[in-house]
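Chemist: Before I ask anything, here is the structure I am working with.
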Amino acid sequence: EAGVTQFPSHSVIEKGQTVTLRCDPISGHDNLYWYRRVMGKEIKFLLHFVKESKQDESGMPNNRFLAERTGGTYSTLKVQPAELEDSGVYFCASSQDPPDRRYEQYFGPGTRLTVT
Amino acid sequence: EDQVTQSPEALRLQEGESSSLNCSYTVSGLRGLFWYRQDPGKGPEFLFTLYSAGEEKEKERLKATLTKKESFLHITAPKPEDSATYLCAVAPQGAQKLVFGQGTRLTINP
């Protein structure tokens, strides 16, 4: 079974440009999450989709970040315009929606974003 | 505010030298506590979930335990391939987001 995949693995952009990160969850996983780690800090939650709906956006830092999940499959995270402090590693995770409500999240390899 | 603190930040052991990593947490109701392993340049790899105090889970040389305030990851007779950063995270009651600690960087010398 394929795991969570993310594209690109690395992205280097200039301040003010736009970048779009993509995540493909494990097939059949309705729940999709975005996290990020900025240098020297712990991994922090950004948002959670259930199918195509945003369930929890409490971690989104500001309105320069836009997340979408088309048809409840893959998701994109767009940063526009990018700022220096957006540099970090962006992780995507997915989980099933089991009857026992025990959600185990499986992570992708991450996208390393560098804003110069 | 939900918070996770892991200690030590870094730990060096000789091959075969057993030890424990600590994860202390404060959370508004615990839905679950998660342990992950992360290798350089890769995403976190799921190890265990613990749901209630007193619960224990084992996988090869790793054993995770949970109390009402902390969790331990015990490593028995480690090998160099166990070298990695070990991450602890909690899921608050009523939410699916994970709150992570900063991790413990474990190095096993041959």
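The values are calculated or read from the model by the stated rules, or taken from the named source; none is laboratory data. Every value quoted in this text rests on a predicted model; they were computed, and no experiment measured them. Cβ atoms come from the backbone with ideal geometry, glycine included; neighbour counts cover every protein chain shown. Areas reflect the complete protein model, heavy atoms only, side chains present, ligands, DNA and RNA absent. Shrake-Rupley method; radii C 1.70, N 1.55, O 1.52, S 1.80 Å.
Chemist: For a quick check: with amide H placed at 1.01 Å from N, whose amide H comes under 5 Å from B:G32's, ignoring anything fewer than 5 positions away on the same chain?
Modeler: Here B:A91 satisfy the definition.
Chemist: Hey, another quick one. Which trypsin sites (Lys or Arg not before Pro) in segment A:9-87 pass both tests, a DSSP loop state and at most 14 other beta-carbon atoms within 10 Å?
Modeler: A:K15, A:K41, A:K51, A:R64
Chemist: Same structure, new question: Out of segment B:1-89, which trypsin sites (Lys or Arg not before Pro) are coil in DSSP terms and have no more than 14 other C-beta atoms within 10 Å?
Modeler: When the trypsin sites (Lys or Arg not before Pro) of segment B:1-89 are filtered for loop state and at most 14 Cβ neighbours within 10 Å, B:K42, B:R61, B:K68, B:K69 remain.
Chemist: Among B:T26, B:L87, B:L66, flag the residue with its Cα farthest along the positive direction of the charge dipole of the protein assembly as shown, charges on Cβ as +1 for Lys/Arg and -1 for Asp/Glu.
Modeler: Sorting the options by dipole projection puts first B:T26.
Chemist: Here's a follow-up. With a 1.4 Å probe and all protein chains left in place, how much accessible area per residue does chain A have, in Å²? Can you show the working numbers first?
Modeler: Values: 5970 Å² over 116 residues.
Dividing the accessible area of chain A by its residue count gives 51 Å².
Chemist: Show me, for segment A:60-77, the HN-Hα J-couplings you get by feeding each phi into the Karplus relation (A = 6.51, B = -1.76, C = 1.60, θ = phi - 60°), rounded to Hz, glycine and proline as x.
Modeler: The phi angles translate into 5, x, 6, 7, 7, 9, 10, 10, 9, 9, 6, x, x, 9, 6, 10, 10, 10 Hz.
Chemist: Other chains' Cβ within 10 Å of B:28-41 residues: what's the mean?
Modeler: Counting other chains' Cβ atoms within 10 Å and averaging over B:28-41 gives 2.
Chemist: Still on this structure, please answer the following. Give me the accessible area buried between chains A and B, both sides summed, with a 1.4 Å probe, in Å² rounded to the nearest 100.
Modeler: Values: alone 6770 and 6140 Å², together 11230 Å².
That pair of chains buries around 1700 Å² in total.
Chemist: Okay, next question. Say a site is exposed when it is one of the GluC sites (Glu not before Pro), sits in a DSSP loop, and has at most 11 other Cβ atoms within 10 Å; what is then the longest site-free stretch of chain A?
Modeler: Numbers: sites that count: A:E1, A:E14.
Longest gap between qualifying sites, sites excluded: A:15-116.
Chemist: Also: With r as the distance between the Cβ atoms of A:T5 and A:V50 and R0 = 25 Å, compute the FRET efficiency 1/(1 + (r/R0)^6) and round to 0.05.
Modeler: 0.80
Chemist: Follow-up. Leaving out ligands, DNA and RNA, and with a 1.4 Å probe, what % of the accessible surface on the protein assembly as shown is carbon or sulfur?
Modeler: 46
Chemist: Please give the average number of partner chain Cβ atoms lying within 10 Å of the Cβ of each residue in A:40-52, rounded to a whole number.
Modeler: 3
Chemist: Along Cα→Cβ, 7 Å out, is where each label goes; now give me the distance between the ones at B:K57 and B:S19 in nm to one decimal.
Modeler: Each label point is offset 7 Å from its Cα along the Cβ direction, giving 2.4 nm.
Chemist: Next question. Label-point separation (nm) for A:E68 and B:E45, each offset 7 Å from Cα along Cα-to-Cβ?
Modeler: Here the modelled spin labels are 3.5 nm apart.
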